[in-house]
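Contents: one structure, followed by commentary.
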């Protein structure tokens, strides 16, 4: 995967929330109304395992063993997806270690100092039954 720095002035929104909190629903609305490109950690991981790549095989083995995929692998998948996309507005969801992900992306110059980063945290209301 290419580690080239980005000259894009990107807007990146990290969407946080547990399973069933509405991340996918809210991301779909933001994509529809504001033209963001949405990347889900789960979708990126599944696509990579289907690709049959070295990373895909490694991810598949970790998942079979019930282990977490290292954040550096997830960062590389995000990096690749962002650099291959023409858009400059991204929604990224599904990460437990968001701070570490952001630091990795900055270190790789994917998020440059002129990029905008925002956070949306969704909370599941257990009393309402979703």
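Considering only residues of segment 1-17 that are farther than 29 Å from residue 61 by Cα and within 15 Å of the chain's Cα centre (by Cα), which is modelled with the lowest pLDDT? Result: 10. Of all the criteria given as (1) under 19 Å from residue 87 (Cβ atoms); (2) within 16 Å of the chain's Cα centre (by Cα), the one not satisfied by residue 70 is (1).
Just one of the listed residues (56, 20) is at pLDDT below 90 and more than 16 Å from the chain's Cα centre (by Cα), namely 20. Within the option set 34, 39, being in contact with a helix residue (DSSP H, G or I) (Cβ under 9 Å, 6 or more places away or on another chain) and at pLDDT 90 or above holds for one residue only, 39.
The values are calculated or read from the model by the stated rules, or taken from the named source; none is laboratory data. Note that this is a predicted model, so its numbers are computed, not measured. All Cβ positions, even for glycine, are placed from backbone atoms using ideal geometry, and neighbour counts span all protein chains on display.
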